[in-house]
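Presented below is the structure to which this report refers.
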Amino acid sequence: MKKKILVVDDELIQLVLLQKVLENAGFMVNKAQSVLDAMDILKDDLPDLIISDLEMDQLDGFEFKEILLNSDKYHNIPFLFLTAHNKEVFIEKGLSLKAIDYIPKGIPKEQLIAKINNILETVKDQKEQSVNELKMVADRLNLKNVPSKNLKFKNFQIDIFHQTYQNHPGGDFIDLIKIDERYTFLVLGDVMGKKWGAWFFSFTFLSYIRSAIRLCVFDGNLSVAKIMQRINQVIHADDFLDDIYSTLSLVLIDDEKGELTYSGASDLPLLKYKNEDKKINQYKSKGLLLGFFEVGNFNEQVIQCIPKDQLFLLSDGVIDYEANGVKKTDINLFISQLENLLSEEKTFDEITSNIFNKEKYQVDDCSLIQIKRI
Amino acid sequence: MNFTKEISGDITIITLALVEASLNESEEFKNFIYDNCGNEAPKMVIDMSNVLYMDSSFIGALVAGLKKVLSKNGEIVLANISNDVMALFELTRLDKVFKIYHNTDEAINSLK
């Protein structure tokens, strides 16, 4: 993906020349002839780097940099001054603005491109380092929103596929809550949002879900619809989650009878592949987004399974993809791909590697859970 | 601008200029709705005719906006939803959460 650079200069010729040099070097360029124009562009399109002239009418480069530094949204965008002055001017003003990067006007283009690549590479390294540090801390605190161990059943086999988006944790969360030898709850949720923000809140949702399930079971209640309503009630009451929403699929596995009971909150349908007729049926739940209404209208469906039947729970990342630069959501495409692969008796690993590959560019974290009746 | 608004009587009509409404614009959109809530019983129409793809982050912002407006005894209605976005709304029962109209005229009339 090409890196985007916003170039700001009140001299049009200078602006166009720089644009040409940068585009020839493989960058995408947005240009602005004033700080106000630049601010307008920034509203809709965040660049990877800003290159700004120092001396301009109305607002100059220093004032531009100061505006950006005072903005939560823009203060982290790498910034490079373009100037005819020597570094003394930065020692006077620039250093207090953290303006440590500048290039003299008229610099040979090879040096200019090398400087830009250095800055972008440093930013990338710093981001990777921060993410790795956060991941290490999360691991040390044993913060996991996807189980690392699977459970063994007499009549079922569960396989979990979870893929992060751009190597960042996301809002999908999965849990297996074993009650006794007979009953286990399977949870798949998706906090609306992406990356770290959604990841952070997934633990709050998971805590509520685990507690609500345990408390309901203590009270002798194994109805997934009633448990969903209990979860919904506590989330609705929590101001901390006031504008954070999550979908949820909740399945109770009865390992003795070999059947499942399913309830959902604004989740994607549960898919059942019947080996007998080689077809996928969709089980749609009625429940609404967790916590939005005090009463979430949850229903439950008992799903009988015979050996070799396969059921699937999925998060929205499974059906969202980007192809030829266009993003799409298409559950029917996913179902037809899955149906074909299942009819060819592909394994779960073969199915996931076939569907989630480099040709179909992922746009969110995605989770697919297979429950196979054995 | 990613979002524009026009006022018709006591109704605010917000048009999304985005083809893909996603995480990058979601926080700004939520704040845009919050900022246009006014004091009491806000009435809003959101024209989604340009939007061909919407991710869960943006849906989250839309839902948060609806909750805010409902808390002020107001209403948000949606108009001109593309087939793909409508299919997603139906799949996830968001068509039961939002009032949805074929076009902005119908949406505006519903609020009068």
Can you work out ³J(HN,Hα) from phi for every residue in the stretch A:308-314, in order, using Karplus 6.51 cos²θ - 1.76 cosθ + 1.60 and θ = phi - 60°, giving whole Hz and x for Gly and Pro?
-> 5, 5, 10, 10, 9, 10, 9
Please name whichever of A:PHE356, A:LEU288, A:LEU311 sits farthest to the positive end of the charge dipole of the stretch A:145-373, dipole taken about the Cα centre and charges placed at Cβ: Lys and Arg +1, Asp and Glu -1.
-> A:LEU311
Would you order B:ASP105, A:ASP255 from fewest to most other beta-carbon atoms within 10 Å of each residue's own beta-carbon?
-> B:ASP105, A:ASP255
Choose one of A:ILE77, B:ILE46, B:ALA61: the residue whose Cα lies farthest towards the positive end of the charge dipole of the protein assembly as shown (beta-carbon charges +1 Lys, Arg; -1 Asp, Glu; about the Cα centre).
-> B:ALA61
For the protein assembly as shown, give the magnitude of the charge dipole about the Cα centre (Cβ charges: +1 Lys/Arg, -1 Asp/Glu; no others), in debye to the nearest 20.
-> 1480
Could you calculate the FRET efficiency of A:ASN167 with B:LYS112 from 1/(1 + (r/R0)^6), where r is the beta carbon distance between them and R0 is 41 Å, rounded to 0.05?
-> 0.25
Estimated inter-spin distance, B:ASP105 and A:ILE306, nm [label 7 Å along Cα→Cβ] | 5.6
On a 0 to 90° scale, report how tilted helix A:331-343 is relative to the longest principal axis of chain A, with both axes built from alpha carbons and the result rounded to the nearest 10.
-> 50
Cα-based helix-to-principal-axis angle, A:12-24 vs chain A, degrees rounded to 10 | 50
In the neighborhood of A:LYS257, defined by Cβ-to-Cβ distances under 12 Å, what is the net charge if each Lys or Arg adds +1 and each Asp or Glu adds -1?
-> -1
Here the stretch B:49-59 yields Karplus 3J(HN,Hα) values (6.51, -1.76, 1.60; θ = phi - 60°; whole Hz; Gly and Pro given as x) of 4, 7, 7, 9, 9, 9, 9, 5, 5, 6, 4
Under the Karplus relation 6.51 cos²θ - 1.76 cosθ + 1.60, θ = phi - 60°, what is the ordered set of whole-Hz ³J(HN,Hα) values for the stretch A:57-63, x standing for Gly and Pro?
-> 5, 6, 9, 9, x, 4, 5
Which far-off residues, 5 or more places away or on another chain, put their amide H under 5 Å from the one on B:LYS99, with H placed in the peptide plane?
-> B:LEU78
Using amide H atoms built 1.01 Å from N in the peptide plane, name the residues 5+ places from A:ILE103, or on other chains, whose amide H lies under 5 Å from its own.
-> A:PHE81, A:LEU82, A:THR83
In whole Å, how far is the Cα centre of the stretch A:144-188 from that of the stretch A:215-287?
-> 14
Using only atoms on other chains, find how many Cβ atoms lie within 10 Å of each Cβ of peptide B:53-66 and report the average.
-> 6
Can you list which of the trypsin sites (Lys or Arg not before Pro) found in the stretch B:1-90 are DSSP loop residues with at most 16 other C-beta atoms within 10 Å?
-> B:LYS72
At a Förster radius of 35 Å, what calculated FRET efficiency corresponds to the Cβ-Cβ distance of B:SER71 and A:ASP72, to the nearest 0.05?
-> 0.90
Work out the mean other chain Cβ neighbour count within 10 Å for the residues of B:85-95 and drop it here as an integer.
-> 5
How would you rank A:MET28, A:MET56, going from fewest to most other Cβ atoms within 10 Å of each one's own Cβ?
-> A:MET28, A:MET56
Could you please rank A:CYS366, A:CYS216, placing first whichever residue has the fewest other Cβ atoms within 10 Å of its Cβ?
-> A:CYS216, A:CYS366
Helix-derived [θ] at 222 nm for chain A: sum -39500 (n - 2.57) over DSSP H runs of at least 4, divide by residue count, nearest 500?
-> -11000 deg cm²/dmol
Cα gyration tensor category, rounded, prolate or oblate, for chain B with a/c compared to 1.5 | rounded
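Read-outs throughout are calculated quantities, based only on the coordinates presented, and are distinct from any laboratory measurement. Keep in mind that this is a model prediction, so the values were computed, not measured. Note that we place each Cβ from the backbone using ideal geometry, even for glycine, and neighbour counts take in every protein chain shown.
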